[in-house]
Structure formats: structure tokens, C-alpha cells
């Protein structure tokens with residue numbers, strides 16, 4: 001079953017697959033016409049031809065728009081061949097004596113440019129590296145399934161083939177923090193410091209409440225991929241709908257304010273089906289069943305990181321953060337909400353057990369999960385200590 005699904009995803013991730021689907025739609029109606037009574041054959045053939053033509057034209061328009069966008073927005077970095085597909089890597093700055101390069105990963109299955117504000121802050125102080133995960137930005141989609149474990153190996157391979165020398169500071173936010181932690185477990189020789197910016201703990205997915213937001217992410221990725229084949233951007237519509245949720249709206253406005261125009265270019269070139277089907281594939285990990293299927297390859301557990309320096313950065317608890325705004329925290333009464341706050345706070349702290357040299361840095365009171373955008377100056381102060389060895393005013 002999984003083999004067939006991955007084969008289907010590989011085909012659908014090709015933007016020309018819209019033409020294939022348009023042809024299949026027309027053939028389906030033609031087949032129905034052959035089986036239908038004679039009086040219905042003409043109308044069914046006409047409907048099939050009309051639908052096939054409509055979807056075909058929509059697909060051609062999407063392919064033309066995507067081609068024009070890619071010509072107008074060439075990759076700012078290097079496209080690294082990983083063996084039949086390419087990953088985009090942007091490395092800027094040089095490494096002064098006593099420092100090491102830093103690699104950034106954003107939350108979700110986002111391009112490297114979703115951390116451009118931090119890259120911009122440090123490319124003059126060390127070598128700063130952004131990598132577009134396969135299916136994002138200027139990177140090709142790559143093979144399926146998309147998994148955190150596979151992408152951990154791909155990120156390391158991209159750096160090696162680009163000639164970038166470690167050890168590195170690996171800094172990852174949310175789902176990108178889980179990716180960074182995976183890399184640290186697999187290649188401790190490449191780790192100077194691991195900075196987890198409120199990284200996703202998989203215990204949250206397995207033992208926590210079934211979050212409607214995660215289910216919606218998976219559903220939107222699947223439907224959005226099909227729609228994108230015909231030039232319909234359901235992701236933009238989903239974002240507009242989610243902007244009605246205060247926490248989501250705050251995060252969107254904060255990220256837009258700090259990222260700058262560079263991220264708009266990355267978003268434009270990744271307006272393709274491959275981006276969304278890659279999300280659909282890797283977001284399958286964000287369910288209890290998905291975690292169970294990949295647990296051994298994906299989970300970073302107690303003592304897995306030995307004595308590597310690990311910084312866990314994030315809110316102290318969630319009672320004054322954005323977790324309080326989740327629908328699941330607003331149902332079941334105050335007792336259920338308190339239990340959720342305790343649970344999310346406790347699962348975050350589990351990353352401290354991964355290393356004997358773990359350090360906890362607490363975000364200012366009121367900080368939420370997206371503090372990297374909402375509190376950029378504070379985040380930069382934390383990273384300045386990690387990168388430059390200069391203590392910031394980030395608290396204990």
C-alpha cells in the first residue's frame with residue numbers, strides 16, 4: 001500500500017501530471033458513455049470533452065506561470081545534485097577564527113528562507129547556511145516518502161557535496177528542530193552545538209490530544225496538491241481562513257514583518273504541486289500512527305546525543321502562550337486545559353534528557369511557540385551567544 005502511495009505521489013509531484021489527470025477525466029466520461037444508454041452517450045462524451053479541455057487548459061496555464069516565475073526568479077544559491085535530484089543551498093559569510101558555521105531550519109516543511117531574518121543577522125559574523133528541504137524553495141521534490149530521517153541524511157549530503165566543512169551549529173525551530181536533532185544523532189561529529197528552538201517533541205503527537213490543526217495541515221496538503229496542478233492555490237485560501245485564529249494571525253504577521261522580500265521569492269517558486277505533496281508525505285509523521293511507523297528512525301530519545309552541547313530554547317510553560325488558544329484547550333473545562341498546559345510543557349523538557357550537556361534557556365514571559373518571529377531581537381541575542389560566544393540578555 002505504501003509503495004503504491006509513494007509511486008502515486010512521485011507522479012503527482014510532476015506539475016505536468018495535471019495534463020495526465022485532464023486526459024483521464026475525459027477518458028472516464030468516454031468509458032461511461034460506452035456503458036450508458038444510447039440517449040446519454042452524446043451528452044456524456046460532450047461533458048467529458050469539456051472537462052478534459054477545461055482541466056487541460058488550466059494545467060497548461062499553471063505550467064506556463066510556473067515556468068515564467070522560475071525564469072524570473074533564479075536560485076540565489078547553489079543547486080547541489082544528490083543523485084538525480086537537486087537541493088538548493090545558500091551559504092554566505094566566512095568563518096572567523098574561533099567560530100563555526102551555522103545551519104538554520106525553519107518550522108513546518110518550509111524552505112530555508114523562512115529563517116532568513118536570522119541568516120541575515122549573522123552572515124556578517126560567521127558562515128550562515130540555509131537549505132531548502134526537498135520540495136521547498138528552489139529544491140527539487142526528490143524521492144518519496146518524504147521523512148525526517150531521509151531529509152536528515154539529505155541535508156548532510158548536500159553540505160558535504162557543497163564543500164561546507166563542519167562541525168556546525170545546527171539551529172532548528174519546531175519541526176525543523178526535530179530535523180536538526182535527527183542530524184545530531186546521526187552525525188555527532190558534525191555538531192558543535194545543537195540549538196532547539198521549541199523543537200517538536202514526538203511524544204506530543206503520540207500521547208497528546210488529537211489536534212485538529214495537524215489534521216488540517218495534512219488534509220490541506222493533499223487537496224492543495226491536486227488543486228495546484230491546475231493553478232488553484234488552496235494554501236493561500238487556507239492561510240486566509242486561519243488568519244481568523246488570533247494566534248495564527250499573530251504568527252503570520254510577525255513572520256511577514258521580519259522575513260523581508262527574500263522569502264516572497266521562495267514562496268513564488270514553490271507554488272507547485274511537489275511542494276504540497278512533499279508536505280502531505282512528511283506530515284504523515286504528525287499522527288500517532290505516523291510516529292509509530294517511523295519512531296525508531298525519527299525519535300531522539302534520552303541520552304541519544306551523549307555529551308553534545310544541546311540548548312533547549314522556548315517558553316517556560318504554555319498557560320500564557322498560544323497553546324491556550326487551541327480549540328482543544330478551550331473544551332472540557334479548566335481541568336482539561338491545565339492538563340494540556342502541563343503536558344505540552346513536560347514534553348518540551350524531554351529534550352534536556354538527550355544529552356548530559358543540555359542547557360535550558362527560557363523565553364520571556366508571554367512568549368509563544370513562534371517566538372523566533374515574534375521576539376526576533378531576543379532570539380538573535382540567544383543565537384549570538386551560541387555563535388559568537390557573547391552572552392546576551394536572554395535570561396537563565
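Where a number appears in this text, it was derived from the coordinates with a stated rule and is not lab data. What you are looking at is a predicted structure, and each value in this text was computed from that prediction instead of being measured. Cβ placement follows ideal geometry from the backbone for every residue including glycine, while neighbour counts extend to all protein chains displayed.
Run the quick spin-label model on residue 336 and residue 381: label points 7 Å from Cα toward the beta carbon, then report their separation in nm to one decimal.
Using points 7 Å along Cα→Cβ, the separation is 3.8 nm.
Round to the nearest 0.05 the FRET efficiency obtained for residue 8 and residue 365 when R0 = 41 Å and r is the Cβ-Cβ distance. Walk me through the numbers before you get to the answer.
Working: r = 47 Å, r/R0 = 1.16.
After rounding, the FRET efficiency stands at 0.30.
For the chain, take the longest principal axis of its alpha carbons; what is the angle in degrees between that and the long axis of helix 148-161, to the nearest 10 within 0 to 90?
Helix 148-161 sits at roughly 80 degrees to that axis.
Would region 180-241 count as rounded, prolate or oblate if I go by the C-alpha gyration tensor, calling it rounded below 1.5 in a/c and otherwise prolate when a/b exceeds b/c, oblate otherwise? Show your work: numbers first, answer last.
Details: a/c = 3.06, a/b = 1.83, b/c = 1.67.
Prolate, because a/c is 1.5 or more and a/b exceeds b/c.
Which one of 281, 67, 174 has the biggest mean-square fluctuation once the chain is modelled by GNM with Cα springs under 10 Å?
The residue with the greatest mean-square fluctuation here is 67.
For 301, 283, which order do you get if you count the other beta carbons within 10 Å of each Cβ and list the fewest first? Could you put the intermediate results ahead of the total?
Numbers: 301 15, 283 22.
Placing the least packed residue first, the sequence is 301, 283.
Quick check: the angle from helix 212-228's long axis to the longest principal axis of the chain, C-alpha only, nearest 10 degrees?
40 degrees
Please give, to one decimal in nm, the separation of the simple spin-label points placed at residue 206 and residue 36, each 7 Å out from Cα toward the Cβ.
5.2 nm
Taking R0 as 45 Å, what FRET efficiency do you get between residue 357 and residue 85 from their Cβ-Cβ distance, rounded to the nearest 0.05?
Values: r = 36 Å, r/R0 = 0.81.
My answer for the efficiency is 0.80.
In degrees from 0 to 90, rounded to the nearest 10, what is the angle of the helix 273-282 Cα long axis to the longest principal axis of the chain?
It works out to around 60 degrees.
Go ahead and set up a Gaussian network model of the chain, Cα springs under 10 Å, then flag whichever of 382, 269, 47 fluctuates most.
47
Please label the shape of region 2-72 as rounded, prolate or oblate, based on the square roots a ≥ b ≥ c of the eigenvalues of the alpha-carbon gyration tensor (a/c under 1.5 means rounded; beyond that, a/b larger than b/c means prolate, else oblate). List each step's numbers first, then the result.
Working: a/c = 6.78, a/b = 1.65, b/c = 4.11.
Oblate, because a/c is 1.5 or more while a/b does not exceed b/c.
Is the C-alpha gyration tensor of region 111-205 telling us rounded, prolate or oblate? Criteria: a/c under 1.5 is rounded; beyond that, a/b larger than b/c is prolate, otherwise oblate.
Values: a/c = 1.28, a/b = 1.14, b/c = 1.12.
Rounded, because the longest to shortest axis ratio a/c is under 1.5.
State, to one decimal in nm², a quarter of the convex hull surface area for the C-alpha atoms of region 181-317, i.e. the direction-averaged projected area.
10.3 nm²
Starting from the Kirkwood radius over alpha-carbon pairs of region 20-175, derive D by Stokes-Einstein at 20 °C in a medium of 1.002 mPa s and give it in µm² s⁻¹. Intermediate results must be reported in sequence, preceding the final value.
Details: Rh = 18.7 Å.
This corresponds to a translational diffusion coefficient of 115 µm²/s.
Only Cα pairs within less than 10 Å get springs; with that Gaussian network setup on the chain, which residue of 386, 46, 271 has the largest fluctuation?
46
What does the convex hull of the alpha-carbon atoms of the chain project to on average, in nm²? All intermediate terms of the calculation are to be shown ahead of the outcome.
On the way: hull surface 85.5 nm².
If I average the Cα hull's projected area over directions, I get 21.4 nm².
Report the antiparallel proportion of the DSSP beta bridges in region 78-388 as a percent, rounded to a multiple of 5. Intermediate results must be reported in sequence, preceding the final value.
Numbers: 8 of 31 bridges.
Among the beta bridges of region 78-388, antiparallel pairing accounts for roughly 25 percent.
Highest first, please rank the peptides 95-108, 349-362 by the mean number of other Cβ atoms sitting within 10 Å of their residues. Please report the intermediate quantities before stating the final value.
Working: 95-108: 19.5, 349-362: 17.3.
Listed from highest to lowest mean packing, they are 95-108, 349-362.
Measuring from a point 7 Å past the Cα of residue 165 along Cα-to-C-beta, which residues in region 93-113 have an amide N at less than 11 Å?
Counting only backbone N, you get 95.
I need to check one value: relative contact order of region 78-388, counting alpha carbon pairs closer than 8 Å and at least 6 residues apart, in percent.
Taking the mean separation of contacting Cα pairs over the length of region 78-388, I get 20 percent.
Region 70-107 to region 208-230: how many Å between their Cα centroids?
28 Å
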